[in-house]
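I have placed the structure first, in the form of structure tokens, so that the comments after it can refer back to it.
The values are calculated or read from the model by the stated rules, or taken from the named source; none is laboratory data. Quick caveat, the model's predicted, so the values are computed rather than measured. Virtual Cβ from ideal backbone geometry, glycine too; neighbours counted across all protein chains shown.
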Amino acid sequence: MADILLVDDEANVREILCLSLSSHGHEVQACGSTEEAKLALEQQQFDVIITDLRMNGKNEGLNIVRLAKSEQPQASVLLLTAYASAETAVEAMRYGAFDYVTKPVSRTELGEIVERALEAKTATTESKKTILRENPINSNQGSLIGASHIIQRVRDRIQRAAKREFTVLVSGESGTGKELAARLLHEQSPRSSAPFVPVHCGAIPENLFESELFGYAKGAFTGADTDKMGLIESADGGTLFLDEIGEMPILIQVKLLRVLQDMKIRRLGSEIEKQVNVRIVAATNRNLEAEVKTGNFREDLFYRLNVIPIHMPALRQRREDIPELVRALMKRCGGANVHIPEAAMQRLSTLPLAGNVRELENTLQRLLALSDDLELDMSLLDEFQISQEENHISLQDMKEKGLSLNQQLELLEKDLLQEAFIETKGNATKAAELLGIGFRSIRYRLEKFGIKESKD
């Protein structure tokens with residue numbers, strides 16, 4: 001849930017957008033002019049500010065962007081426009097806008113853009129305090145929470161990878177903490193005193209990708225009044241984190257491959273090459289091998305990125321860590337003194353949690369907001385939890401991930417095997433009983449997926 005300021009001079013548009021944002025659980029304050037927006041910014045802090053570009057026949061939205069970044073620089077600003085152009089977008093970005101959105105915008109699209117803005121709103125390249133604030137589980141040590149065998153292996157892989165300079169590809173479902181893993185890797189590496197620069201590839205408009213990553217020279221295009229350093233160059237000496245790497249356009253993939261090969265960049269509109277020294281960590285919730293087969297991702301870039309693979313496990317694969325996560329998240333949400341009965345903890349530990357740690361945190365925030373000050377009211381779950389089968393598979397999900405039916409079924413089969421092994425502490429005989437299959441059958445599957453039986 002976020003506090004959002006919406007600025008639009010058309011009352012009916014304001015009403016529709018307010019309803020869309022509210023349906024995603026956000027608190028929205030709407031106003032119809034620059035004067036009203038200025039007053040609102042003086043009276044309240046906002047997480048996201050959304051403004052129309054064209055108001056009263058002028059590009060008044062750019063003034064709102066400037067005002068918002070001056071009054072509340074921590075907020076992410078989104079520009080709504082029916083008059084999208086590269087020049088307008090560049091100008092909005094120069095004034096500090098996070099992104100621009102072309103009208104009309106659907107409820108789903110608006111929700112996704114706001115979510116991306118919230119994820120990126122506190123990211124800076126200089127501030128360690130900002131880095132710690134952004135950690136999904138934000139423990140005192142800034143580390144992955146949990147004592148399960150699977151998360152211990154992840155921690156060990158991160159520590160080993162941190163000592164090397166090779167590229168890293170972090171995979172895992174949404175909400176599993178891929179960015180946290182990347183930050184930990186950076187903080188444990190010799191580059192820890194240099195910048196950690198996160199880039200959300202899914203949040204950059206395709207026509208701005210090159211200028212955002214590589215920067216541009218003065219006069220490169222209309223509106224390029226000064227030289228601008230790109231994100232790769234700003235990470236010089238440190239770590240560049242490319243989140244949602246599967247969203248990167250093919251043309252930019254080619255240019256990134258050259259950076260990985262030569263460690264040189266060229267700003268848009270410039271003939272001068274610059275040497276850079278960056279470590280690249282990428283992350284994806286897609287099956288990049290499947291994307292390679294469909295031609296959506298370059299095979300040579302995939303192998304360049306996948307030198308050290310780190311897979312972030314889904315929360316359903318490490319349910320024994322949920323109580324510790326709940327306690328840490330409750331502290332973060334301001335509920336450190338709220339009592340959580342054992343029965344409540346057990347129920348939280350058995351929720352589907354398809355959204356992983358992020359969904360667990362959102363669930364706790366709702367419970368905390370609607371319960372009294374002394375104890376979580378778990379009956380509230382029945383009121384707002386959407387019933388959903390844990391391993392529900394939709395055709396849309398398969399299309400978005402670029403998977404065939406067989407590939408999707410293999411992923412499900414592997415997840416269930418791993419979950420059974422976690423529950424039985426690596427005992428193949430007990431895992432086979434739990435899954436209702438024979439011992440020879442589980443042996444075949446273990447060999448098929450490369451899962452090793454515990455020797456303890």
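Determine, yes or no, whether Ile265 is buried (at least 16 other Cβ atoms within 10 Å of the Cβ), touching a helix residue (DSSP H, G or I) at 6+ places or on another chain (Cβ under 9 Å) and not in a helix (DSSP H, G or I).
Working: buried (at least 16 other Cβ atoms within 10 Å of the Cβ): yes; touching a helix residue (DSSP H, G or I) at 6+ places or on another chain (Cβ under 9 Å): yes; not in a helix (DSSP H, G or I): yes.
Yes.
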Which residue is surrounded by the fewest Cβ atoms within 10 Å (Cβ to Cβ), if the candidates are limited to the range 277-294 and must be within 15 Å of Phe166 (Cα to Cα) and touching a strand residue (DSSP E or B) at 6+ places or on another chain (Cβ under 7 Å)?
Ile280
Collect the residues in the range 192-225 that are farther than 22 Å from Gln275 by Cβ and either over 27 Å from the mean Cα position of the chain (by Cα) or of a type in the set (Lys, Arg) (or both), keeping them in residue-number order.
Gly219, Phe221, Thr222, Gly223, Ala224, Asp225
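Have a look at Leu208, Leu169, Leu180 and point out the one that is at negative phi and at pLDDT 95 or above. It would help to see each step written out before you state the result.
Values: Leu208 fails: at pLDDT 95 or above; Leu180 fails: at pLDDT 95 or above.
It is Leu169.
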Considering only residues that are part of a helix (DSSP H, G or I) and without any contact (Cβ under 8 Å) to a residue 12 or more places away in the chain, look in the range 328-351 and name the one that is surrounded by the fewest Cβ atoms within 10 Å (Cβ to Cβ).
Glu342
Taking the range 295-326 as the region of interest, how many residues are surrounded by 15 or more Cβ atoms within 10 Å (Cβ to Cβ) and either of a type in the set (Phe, Trp, Tyr) or part of a helix (DSSP H, G or I) (or both)?
16
What pairs can you find where one residue is in the range 419-447 and over 19 Å from Arg316 (Cβ atoms), the other is of a type outside the set (A, V, I, L, M), and their Cβ atoms are less than 6 Å apart, with a gap of 6+ or different chains?
Ala428/Glu453; Ala432/Phe439
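Please go through the range 20-49 and pick out each residue that is of a type in the set (A, V, I, L, M, F, W, C) and in contact (Cβ under 8 Å) with a residue 24 or more places away in the chain. Break it down into steps so the answer makes sense when it comes.
Just the residues of the range 20-49 that are of a type in the set (A, V, I, L, M, F, W, C), to begin with: 21, 28, 30-31, 37, 39-41, 46, 48-49.
If the condition is that a residue be of a type in the set (A, V, I, L, M, F, W, C) and in contact (Cβ under 8 Å) with a residue 24 or more places away in the chain, then Leu21, Val28, Ala30, Cys31, Ala37, Ala40, Leu41, Phe46, Val48, Ile49 are the ones that fit.
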Within the range 19-67, the count of residues that are within 24 Å of the chain's Cα centre (by Cα) and small (Gly, Ala, Ser) comes to 4
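Residues checked against (1) over 26 Å from the mean Cα position of the chain (by Cα); (2) at pLDDT 95 or above; (3) of a type in the set (Ser, Thr, Tyr):
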{"residue": "Gln261", "(1), (2), (3)": "yes, no, no"}
{"residue": "Leu268", "(1), (2), (3)": "yes, no, no"}
{"residue": "Glu271", "(1), (2), (3)": "yes, no, no"}
{"residue": "Lys274", "(1), (2), (3)": "yes, no, no"}
{"residue": "Ile280", "(1), (2), (3)": "no, yes, no"}
{"residue": "Ala290", "(1), (2), (3)": "no, no, no"}
{"residue": "Asn296", "(1), (2), (3)": "no, no, no"}
{"residue": "Ala328", "(1), (2), (3)": "no, no, no"}
{"residue": "Gly334", "(1), (2), (3)": "no, no, no"}
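Taking the range 354-401, which residues are of a type in the set (D, E, K, R), under 24 Å from Val338 (Cα atoms) and either modelled with pLDDT of 75 or more or surrounded by 10 or more Cβ atoms within 10 Å (Cβ to Cβ) (or both)? It would help to see each step written out before you state the result.
Initial filter on the range 354-401 (of a type in the set (D, E, K, R)): 358-359, 361, 366, 372-373, 375, 377, 382-383, 389-390, 397, 399-401.
Pick out the ones that are also under 24 Å from Val338 (Cα atoms) and you get 358-359, 361, 366, 372-373, 375, 377, 382-383.
Once the filter is applied, which keeps residues that are of a type in the set (D, E, K, R), under 24 Å from Val338 (Cα atoms) and either modelled with pLDDT of 75 or more or surrounded by 10 or more Cβ atoms within 10 Å (Cβ to Cβ) (or both), the range 354-401 yields Arg358, Glu359, Glu361, Arg366, Glu375, Asp377.
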